[in-house]
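Asks: The structure's right below; bear with me while I get my questions together.
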């Protein structure tokens, strides 16, 4: 079952109530144009228990954390403000107001992240939604080269820490079954992350 595509990245702010020990999501939105994503998982070492000179019991290595790596077409500063908790302001220059975004000591918020994978299964196109329940983005660097005669497309790379949820069952990821349409996968993500429909949401082509 080969994977053949990637689309529809979403983020939402994760709010954890320490009294009720429940999480809720606000500000859910589509962000960036997807190019690539990958996850690297960290596991605790497995531990075998020996009896009668053989392994009688075993404790498999459990998930302890991970890294989410993203490549996107661009990350606009307004999007970075949401991901990194930046502050913004305005500067007047020659009668024109310019919005500015300040990178400083802001603490990036806990977020949920979701994406849609496109599969081809026995000749049929399928879609799967993936949600990472708790991540924190690192501040990205910059890497740009000057323009030459031929355009060199330059992506933006982002990285985030993947963590378990605080409440039981302390999950870190959820994957749906393979669905028949991208719209179904997106509807699932918008339901789980409490994404409100917006008039300017991009249209998603089928196929």
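Read the figures in this text as sums done on the coordinates, not as results from a lab. Keep in mind the model is a prediction, meaning the values are calculated, not measured. Every residue, glycine among them, receives a Cβ derived from its backbone with ideal geometry; neighbour counts consider all protein chains shown.
Asks: Which of 138, 53, 194 moves most in a GNM of the chain, Cα contacts under 10 Å?
Replies: Of the options given, 53 has the highest mean-square fluctuation.
Asks: Given region 61-105, what whole percent of its Cα pairs are spread farther than 11 Å? Each step should come with its number before you reach the end.
Replies: Values: 740 of 990 pairs.
Tail of the P(r) past 11 Å holds 75 percent of the pairs.
Asks: While we're looking at this one, here's another question. If packing is taken as the average number of other Cβ atoms within 10 Å across a peptide's residues, how do 43-50, 129-136 rank, most packed first?
Replies: On the way: 43-50: 10.1, 129-136: 21.5.
Ranking the peptides 43-50, 129-136 by packing returns 129-136, 43-50.
Asks: Right, here's the next one. Taking the chain as a Gaussian network, Cα atoms linked when under 10 Å apart, which of 52, 88, 110 shows the biggest mean-square fluctuation?
Replies: 52
Asks: Sticking with this one: Can you pull the semi-axes for region 1-91, root of five times each eigenvalue of the Cα gyration tensor, sorted largest first, whole Å? Don't jump to the answer; show the numbers that get you there.
Replies: Working: eigenvalues 308, 88, 30 Å².
Its equivalent ellipsoid spans semi-axes of 39, 21, 12 Å.
Asks: Tell me the label-point distance for the pair residue 105, residue 146, using the 7 Å Cα-to-Cβ offset, in nm and rounded to one decimal.
Replies: It is 3.9 nm.
Asks: Run lengths n ≥ 4 of DSSP H only: what is the helix-derived mean residue ellipticity at 222 nm for the chain, with -39500 (n - 2.57) per run over all residues, to the nearest 500? Working shown, then result.
Replies: Working: 2 runs with 19 residues, N = 207.
Theoretical 222 nm ellipticity from helices: -2500 deg cm²/dmol.
Asks: A further question follows. Using r as the Cβ-Cβ distance of residue 54 and residue 171, and R0 as 30 Å, what FRET efficiency do you calculate, to the nearest 0.05?
Replies: On the way: r = 33 Å, r/R0 = 1.11.
E(calc), rounded to 0.05, equals 0.35.
Asks: For the chain, what number results from the quotient of the Cα radius of gyration and 2.2 N^0.38 Å? Working shown, then result.
Replies: Values: Rg = 20.6 Å, N = 207, 2.2 N^0.38 = 16.7 Å.
Rg over 2.2 N^0.38 Å, computed on Cα atoms: 1.23.
Asks: How high is the relative contact order of the chain, in percent, counting Cα pairs under 8 Å that sit 6 or more residues apart? Numbers along the way, then the final one.
Replies: Details: 418 pairs, mean separation 49.5, N = 207.
Relative contact order of the chain: 24 percent.
Asks: Among 118, 21, 126, which one shows the highest mean-square fluctuation when the chain is modelled as a Gaussian network with alpha-carbon springs under 10 Å?
Replies: Taking springs between Cα atoms under 10 Å, the residue moving most is 21.
Asks: If eta is 1.306 mPa s and T is 10 °C, what Stokes-Einstein diffusion coefficient results for region 1-52, Kirkwood Rh from Cα pairs, in µm²/s? List each step's numbers first, then the result.
Replies: Numbers: Rh = 15.9 Å.
Approximately 100 µm²/s, per Stokes-Einstein.
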